[in-house]
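Undergrad: Before we start, here is the structure in question, set down as structure tokens.
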Amino acid sequence: MQIGVLTGGGDCPGLNAVIRAVVRKGIRHYDDELFGFHDGWKGVVDDVYEMLDIDRMQYTLNQGGTVLGTSRYNPFTYDPDARAVFETVERHGLDAMIAIGGEGTLSCTQQLHRLGLNAIGVPKTIDNDIGITERTFGFDTAVTIATDAIDRLRTTAESHNRVMVVEVMGRHVGHIATWAGIAGGATRTLIPEEPFDIGDVCRSLKKRHEEGHRFFSVVVVAEGAKPQDGTMEIPPDVYDEFGHVRLGGIAYRVAAEIESRTGYETRVTVLGHTQRGGTPTAFDRVLSTRFGVAAIDAVHDEKWGSMVALQHDDIVTVPLDEAVAELKHVTPELWDTAKQFFA
Ligand code: F6P
């Protein structure tokens, strides 16, 4: 078969491991020809690609980023029928496309499938917010990096009697913040699913500090965390060229409030893209490899319009439209567990 592969949306550790697995099984087992389109759906529209083979993917298993490049480009923004995509598919006689991406890329893949494209999706995002799959690759790496940062911040916070506010990624959901908060023993964690009351946060920090012989705290804030209405001023949202809210910076507002309301010296660390760069953890390498192998199998089983997913530790295929129907949020059980350790 002739198969196109692309990576879309924000990059994520493990993307290369997926491509490598698709290429390895595609060539060795199925005798496929693999077209690697550059920069997400933009490469398909502009017909920019390279032929992928086993040599090209050598030494990429543990390499962060994506050898294909990525973008948030959506072909429907410029043409409601996304004709350029179908022209490229026709020009090269492609039998299928494998799209590796997050919510935006997979929704676009689902729309293209409805218009007749033979498409398979692979879920990626450090945010872990894609429905139906229990895990997306990249999440474990991001949590590991954030936990390491919290461990490091804790010792310096303790030495200086400071409050450390650490901001992690998570635009609509608080999976990274909740997991890293539990793993790092955060004093308090703020997530998008649970709007916070800064007065309550400050009171609990004060109580903890008044009780302890050393007063230090680590507050973990997801970038998409929001204060309860009317409790705190936050600046208006800023958007990027693809209409995505550009987040990052809520930690500075939270820290300023903590310092002015409690008088405790407070410092901010925004982890930002360090959570997305560099080598994937062993867990993410294995999950990415399993997803890649399952994706090429799904192509040969002609499971068009489906996405590979992790369920009960098995790799399965699920309908793309169900996967993108709603975001996966932090469960009440996990949040309740996290709360048991808050000040
Ligand atoms: O969706 C993944 C993610 O890492 C979010 O957590 C974050 O808000 C966003 O991407 C930032 O992406 P960029 O800076 O590349 O626009």
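Undergrad: Give the residues of the range 198-216 that are at pLDDT 95 or above and small (Gly, Ala, Ser), sorted by residue number.
TA: Gly199, the sole residue that qualifies.
Undergrad: Could you tell me how many of the residues in the range 174-198 are open to solvent by less than 30 Å² (accessible area, probe 1.4 Å) and in a loop (DSSP other than H, G, I, E, B)?
TA: 5
Undergrad: Picking from Val286, Val201, which residue would you name as being touching a Leu at 6+ places or on another chain (Cβ under 9 Å) and in a helix (DSSP H, G or I)?
TA: On inspection, the qualifying residue turns out to be Val201.
Undergrad: Under the condition of being within 16 Å of the ligand (Cβ to nearest atom) and among the charged types (D, E, K, R), which residue from the range 275-289 is nearest to Ile145 (Cα to Cα)?
TA: By that ranking, first place goes to Arg276.
Undergrad: Can you pull out the residues in the range 22-49 that are charged (D, E, K, R) and within 19 Å of Ala295 (Cβ to Cβ)?
TA: Residues satisfying the conditions are Arg24, Lys25, Arg28, Asp31, Asp32, Glu33.
Undergrad: Where the second residue is small (Gly, Ala, Ser) and buried (at least 17 other Cβ atoms within 10 Å of the Cβ) and the first is in a loop (DSSP other than H, G, I, E, B) and lies in the range 297-323, which pairs have Cβ atoms under 7 Å and are six or more apart or on separate chains?
TA: Trp304/Ala119; Gly305/Ala119
Undergrad: Would you check if Gly292 is touching a Pro at 6+ places or on another chain (Cβ under 9 Å), open to solvent by less than 80 Å² (accessible area, probe 1.4 Å), assigned by TED's automatic domain parsing to the domain that holds Thr77 and away from the ligand (no atom under 16 Å from the Cβ)?
TA: Against the criterion (touching a Pro at 6+ places or on another chain (Cβ under 9 Å), open to solvent by less than 80 Å² (accessible area, probe 1.4 Å), assigned by TED's automatic domain parsing to the domain that holds Thr77 and away from the ligand (no atom under 16 Å from the Cβ)), Gly292 does not qualify.
Undergrad: Just to check your reading of the model, which residue among Arg135, Arg171 is within 16 Å of the ligand (Cβ to nearest atom), out of contact with any His (no Cβ under 7 Å at 6 or more places or on another chain), open to solvent by 40 Å² or more (accessible area, probe 1.4 Å) and more than 19 Å from Val270 (Cα to Cα)?
TA: Arg135
Undergrad: Tally time: how many residues in the range 273-283 are open to solvent by less than 20 Å² (accessible area, probe 1.4 Å) and in a helix (DSSP H, G or I)?
TA: Count: 1.
Undergrad: Let me ask something additional. Inspect the range 59-80 for any residue being aliphatic (A, V, I, L, M) and without any contact (Cβ under 8 Å) to a residue 60 or more places away in the chain and give the result as yes or no.
TA: Yes, the range 59-80 contains a residue that is aliphatic (A, V, I, L, M) and without any contact (Cβ under 8 Å) to a residue 60 or more places away in the chain.
Undergrad: Let me ask something additional. Looking at the range 210-223, which of its residues are open to solvent by less than 50 Å² (accessible area, probe 1.4 Å) and touching a helix residue (DSSP H, G or I) at 6+ places or on another chain (Cβ under 8 Å)?
TA: Of everything in the range 210-223, those that are open to solvent by less than 50 Å² (accessible area, probe 1.4 Å) and touching a helix residue (DSSP H, G or I) at 6+ places or on another chain (Cβ under 8 Å) turn out to be Phe216, Ser217, Val218, Val219, Val220, Val221, Ala222, Glu223.
Undergrad: When the range 215-268 is examined, which residues are found to be within 13 Å of the ligand (Cβ to nearest atom), assigned to a loop (DSSP other than H, G, I, E, B) and under 26 Å from Gly184 (Cα atoms)?
TA: Once the filter is applied, which keeps residues that are within 13 Å of the ligand (Cβ to nearest atom), assigned to a loop (DSSP other than H, G, I, E, B) and under 26 Å from Gly184 (Cα atoms), the range 215-268 yields Glu223, Gly224, Ala225, Leu247, Gly248, Gly249.
The values are calculated or read from the model by the stated rules, or taken from the named source; none is laboratory data. Bear in mind the structure is a predicted one, so any value in this text is a computation, not a measurement. Here Cβ is always computed from backbone atoms with ideal geometry, including for glycine, and neighbour counts include all displayed protein chains. Just so you know, the surface numbers come from the protein's heavy atoms only, side chains and all, with ligands and any DNA or RNA stripped out. Shrake-Rupley method; radii C 1.70, N 1.55, O 1.52, S 1.80 Å.
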